[in-house]
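Taking it in order: structure first as structure tokens, then the write-up.
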Amino acid sequence: MSDGFAGAVTSSSENELLRAFVDMADTLVDEYDVADMLHRLAKYCVSLLGASAAGLLLADQRGGLEVAASSDEGTRMLELLQLQTEQGPCLDAYRGGESVRVEDLSAEAARWPRFARQASAAGFQSVQALPLRLRRQVIGTLNLFGRGPSPLAGSSLGVARALADIATIGILQERAIRRGELLTEQLQHALNSRVVIEQAKGVLAHAGGVEMDAAFDRLRAYSRAHNERLSEVAEAVVRGELPPEQVLGED
């Protein structure tokens, strides 16, 4: 293993990081769950690479951005704030196709007034927005938040880029894309699935009296335990075909 790669993580976590790459590489098969894959990417950036929080935005059929995944509910709200106010580093990264790095959000009040204020109030000091890009095609952004002057330490940023690249390629390799169609159908399906997942989280949170993050963890645990797609389990919950207590009871 190279020195740069080893510097990104501690020795005890190198095997976990390798497993993460293998896990993300599974997206290169014919069928995979886009919603779950993007959530895993956000979680890896936090659990393995040291970001305080992470979120992903994907382009919809009209070229606008929507929240596709986040490491926690608070980060999802920050991402939604950027979309509602049409300001923030993540939007700039998508529009320009280049990474946007901010080490002190409090100093960017003039550039992104509402976002900088809300992010600082949430305890974040820095942000790194990475475009999900293959050559000239940008399909979204991976957004890393930090409570210190850097979202990630050392070469962990390079590892995050590599994981994001795998996710991007996994989306763009669909057969519809190879036939010359744009990625609208694939991306729209991922975004539609996310809407259903958010609805299911609300149903579970209400039924079990738990936080939204805990509800999502239960939903994901159930889908994995039963080898079912996350979006399909969510749809069953929303339609009332799967009782909330059955999902909430999964370990």
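Rule-based calculations on the coordinates, nothing more; no lab input. The structure displayed is predicted, hence computed values, not measured ones. Cβ atoms come from the backbone with ideal geometry, glycine included; neighbour counts cover every protein chain shown.
Tell me, yes or no, whether segment 109-132 has at least one residue that is closer than 26 Å to ALA25 by Cα and charged (D, E, K, R). No, there is no match, as no residue in segment 109-132 is closer than 26 Å to ALA25 by Cα and charged (D, E, K, R). Has segment 85-103 got at least one residue that is in contact with a Phe, Trp or Tyr (Cβ under 6 Å, 6 or more places away or on another chain), surrounded by fewer than 24 Cβ atoms within 10 Å (Cβ to Cβ) and within 27 Å of ALA190 (Cβ to Cβ)? The answer is yes; a qualifying residue exists. Pairs meeting the criteria (first residue in segment 199-210 and within 12 Å of GLU73 (Cβ to Cβ), second residue assigned to a helix (DSSP H, G or I), beta carbons under 6 Å, at least 6 apart or on different chains) are LYS201/MET212; LYS201/ALA215; LYS201/PHE216; ALA205/MET212; ALA205/ALA215. Assuming GLY154 fulfils every condition listed in (1) closer than 20 Å to ASP104 by Cα; (2) in a strand (DSSP E or B) apart from one, which condition is it? With respect to (1) closer than 20 Å to ASP104 by Cα; (2) in a strand (DSSP E or B), GLY154 is out only on (2). The set of residues from segment 193-227 being part of a loop (DSSP other than H, G, I, E, B) and surrounded by fewer than 15 Cβ atoms within 10 Å (Cβ to Cβ) comprises GLY209, GLU211, HIS226, ASN227. Considering only segment 122-144, I want to know if a residue exists there that is among the charged types (D, E, K, R) and assigned to a helix (DSSP H, G or I). Looking for residues that are among the charged types (D, E, K, R) and assigned to a helix (DSSP H, G or I), one finds none in segment 122-144, hence no. Tell me which residues, restricted to segment 228-251, are part of a helix (DSSP H, G or I) and touching a residue at least 24 places away in the same chain (Cβ under 8 Å). Within segment 228-251, LEU230, SER231, VAL233, ALA234, GLU235, VAL237, VAL238, PRO244, GLU245, GLN246, VAL247, LEU248 meet the criteria.
The residue list ALA25, ALA20, ALA51 contains one member that is touching a strand residue (DSSP E or B) at 6+ places or on another chain (Cβ under 8 Å) and small (Gly, Ala, Ser), which is ALA51.
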